[in-house]
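Notes for the one structure printed next.
The values are calculated or read from the model by the stated rules, or taken from the named source; none is laboratory data. Only a predicted model underlies this, so the values are computations on that prediction, with no experimental measurement involved. Reconstructed Cβ throughout: ideal geometry from the backbone, glycine too, with neighbour counts over all protein chains shown.
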Amino acid sequence: MFNKKSIITLVLLLSLGMTARSQVKIGFEVCFTEPQAHYAEVEMNISGINKEYVDIKMPVWAPGSYLVREFSKFVEGFKATTQGKALRFEKVRKNTWRVYGSGAKQLKINYRVYANEVSVRTAFIDNTHAFLSPTGIFMYPEGYLKSPSTVTVIPFKGWSKVSTSLEPVTGQAFTYTAPDFDILFDSPLEVGDQDVFEFTAAGVRHEVAMYGGGNYDKERLKVDMAKVVEQATGIYGENPNKHYTFIVHNFERGGGGLEHLSSTVLGASHNQYGSEAGYNGFLELVAHEYHHLWNVKRLRPVALGPFDYDNENYTTNLWIAEGYTAYYENKFMLRAGFTTPEEFIGKLAGAIASVENTPGSREQSAAMSSYDAWIKYYRPNENSNNTGISYYSKGEVIGILMDLEIIHATKGTKSLDDVMKAMYLQCKTLKRGYTDAEFKSMVEKISGLSFTAFWDKYVNGTQPVDYKTYFGYAGIDVKNVNEGQRVPYLGVASAKKEGKIYITAVSRNSAAWVDGLNVNDEVVSIDGVPAEASVEKMAAVTGRKVGDIIKVTLIRDGVTRDFNVTLKANPNIALAAAFSPVASDVQKAVLKKWLGV
Ligand SMILES: [Zn+2]
């Protein structure tokens with residue numbers, strides 16, 4: 001039904017809705033009176049909500065990091081007032097304060113946040129700086145996620161800078177606007193006296209805010225980070241940001257990254273920029289997180305935005321969102337000239353081996369790894385390698401296979417790059433994320449092939465892959481150099497703790513698994529020889545063969561026991577890949593398209 005009257009009603013409703021929304025004003029002020037004790041004081045002023053009560057909520061998770069972190073556990077001193085008068089409130093959920101406003105026009109909410117967890121996804125404050133990871137700092141009134149807000153930061157004395165991708169308000173120091181809460185929650189702020197430098201690439205101004213110092217060379221970084229930006233933009237044909245902010249936290253040992261719409265937070269080590277490996281490792285992280293501004297932030301699974309900040313947000317597509325980002329960081333490094341084709345192939349061979357050598361890759365599919373990220377990937381235990389597979393590494397492997405399949409099918413005219421670009425444009429047009437079926441359908445459209453069997457085997461299934469065929473498309477010979485070697489293998493990981501040696505993992509179907517060695521067993525000796533830190537190395541010493549029985553003496557629950565363990569053959573593969581000297585013209589065309597250099 002679609003008549004004139006209903007259109008008028010609809011327009012009326014829409015305009016009423018918009019008016020109601022635009023009358024609501026939300027302003028935050030964040031200051032630091034005790035940064036040395038890791039506290040921020042937050043004031044939230046709300047006007048225009050005339051209701052019996054308002055539920056004030058704090059997100060339970062940070063998008064991009066699929067774990068319920070319960071940020072409200074760090075909140076204290078919650079207070080609600082109107083024009084100086086205290087308002088009644090009650091806690092109605094772990095992350096919800098119900099404030100009874102009795103029609104109050106102005107609501108003032110005050111609270112403190114304890115921020116003492118160093119990571120790219122959690123807020124951290126000390127006497128040197130404040131990293132405001134927004135989902136752990138800012139609350140929102142329920143039902144008003146679409147409302148705009150302003151944020152004013154009052155830096156602690158001696159701090160002179162705020163770095164964020166939020167738009168500054170002209171004429172007001174350290175004041176920014178966010179058009180809605182999705183953007184506020186996606187825009188971290190770094191406050192302190194960080195080292196800030198800029199470069200322009202792909203027509204976009206990029207700001208780099210370095211906290212913590214390090215042996216980096218700014219001029220070199222400007223040139224090399226720009227190359228990464230150009231490569232990533234090249235895939236998609238357009239860069240949707242006007243400006244972009246890199247917040248880099250340099251620690252003694254730091255790492256990891258978290259993507260945002262127009263910024264990213266990167267973890268690095270003070271001294272990592274000095275070595276070639278460390279420097280390239282940093283650029284790889286830049287390539288990964290930068291690519292996310294398309295892949296997952298805009299070209300995104302339908303479940304990932306607008307977000308539910310109260311609950312887990314389930315998707316089966318993190319193998320694309322994260323796995324393809326891991327795959328493309330290698331492509332960007334190659335195409336920007338930081339790695340050679342041999343290094344590129346070597347990296348991919350390493351990713352394949354890591355999947356194949358994880359027993360859980362035979363138990364859990366890429367789609368389920370993604371879906372269960374909240375309870376498995378982000379909450380690993382001693383048995384995780386036996387029961388699950390990372391959607392990063394499995395996704396990277398699927399990316400390699402899909403890319404080669406498309407290039408081969410189109411005789412070197414199309415690649416996965418074309419799928420990524422087309423899906424980005426489709427999401428932009430539809431103003432929503434993609435479904436798994438839509439992604440598959442685009443792969444089929446661009447390749448001209450059915451990918452139903454591919455999805456069944458590699459995305460939703462755990463079937464073995466014929467790597468020789470896929471790499472053969474590009475004239476690359478691959479072989480498992482461990483094939484037929486029959487190296488004796490116990491199947492444990494171990495670690496030394498306070499002078500004692502403990503088993504930390506047992507590999508599924510290994511000798512240790514079959515004959516009953518357990519995680520947390522203290523290994524005393526093997527065949528009477530005192531245990532060393534690597535129990536695995538001890539078991540496989542020269543002279544032992546597959547089928548030999550070893551006596552493992554261990555202490556479990558205070559009791560010393562002997563276990564006879566029959567050594568099995570090491571099942572782990574190691575892939576060697578080499579460019580074939582006798583590649584055909586078609587293979588050469590596939591390789592050229594694939595490498596893009
Ligand atoms: Zn990522």
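Just a few scattered comments:
- Complete set of residues in the range 229-267 that are away from the ligand (no atom under 16 Å from the Cβ) and of a type in the set (Asp, Glu): GLU230, GLU238, GLU252
- Some residue of the range 75-94 being under 29 Å from GLU322 (Cβ atoms), buried (at least 17 other Cβ atoms within 10 Å of the Cβ) and of a type outside the set (Gly, Ala, Ser): no
- Residue in the range 90-103 that is part of a loop (DSSP other than H, G, I, E, B), closer than 30 Å to GLY255 by Cβ and in contact (Cβ under 8 Å) with a residue 60 or more places away in the chain present: yes
- Residues in the range 34-86 that are aliphatic (A, V, I, L, M), closer than 30 Å to LYS157 by Cα and in contact with a helix residue (DSSP H, G or I) (Cβ under 9 Å, 6 or more places away or on another chain): MET58, ALA62.
- Of all residues in the range 386-420, those being among the polar types (S, T, N, Q) and crowded, with 21+ Cβ neighbours inside 10 Å number 3.
- Residue among ALA539, ALA576, ALA505 that is touching a residue at least 40 places away in the same chain (Cβ under 8 Å), among the small types (Gly, Ala, Ser) and closer than 30 Å to GLY337 by Cβ: ALA576
- Candidate set from the range 306-361 (those that are among the aliphatic types (A, V, I, L, M) and more than 30 Å from ALA201 (Cβ to Cβ)); member that is nearest to the ligand (Cβ to nearest atom): VAL355
Okay, residues lined up against (1) within 13 Å of the ligand (Cβ to nearest atom); (2) within 24 Å of THR128 (Cα to Cα); (3) charged (D, E, K, R); (4) in contact (Cβ under 8 Å) with a residue 24 or more places away in the chain:
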{"position": "SER269", "(1), (2), (3), (4)": "no, yes, no, yes"}
{"position": "TYR273", "(1), (2), (3), (4)": "no, yes, no, yes"}
{"position": "HIS288", "(1), (2), (3), (4)": "yes, no, no, yes"}
{"position": "LYS297", "(1), (2), (3), (4)": "yes, no, yes, yes"}
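- Which listed residue is within 23 Å of GLY475 (Cβ to Cβ) and out of contact with any strand residue (DSSP E or B) (no Cβ under 9 Å at 6 or more places or on another chain), from ASN330, ASN357, ASN381: ASN330
- When each of THR177, THR135, THR152 is tested for being of a type in the set (Ser, Thr, Tyr), assigned to a helix (DSSP H, G or I) and at pLDDT 95 or above, the lone residue that passes is THR135.
- Residues in the range 331-357 that are in contact (Cβ under 8 Å) with a residue 24 or more places away in the chain and polar (S, T, N, Q) were compared, and the one that is farthest from LYS421 (Cα to Cα) is ASN357.
- Restricted to strands (runs of 3 or more DSSP E) entirely inside the range 188-270, those with at least 3 residues that are within 30 Å of PRO35 (Cβ to Cβ) and of a type in the set (A, V, I, L, M) are 204-211, 263-269.
- In the range 41-74, the residue that is farthest from the ligand (Cβ to nearest atom) out of those that are closer than 29 Å to HIS292 by Cα and in a strand (DSSP E or B) is LYS57.
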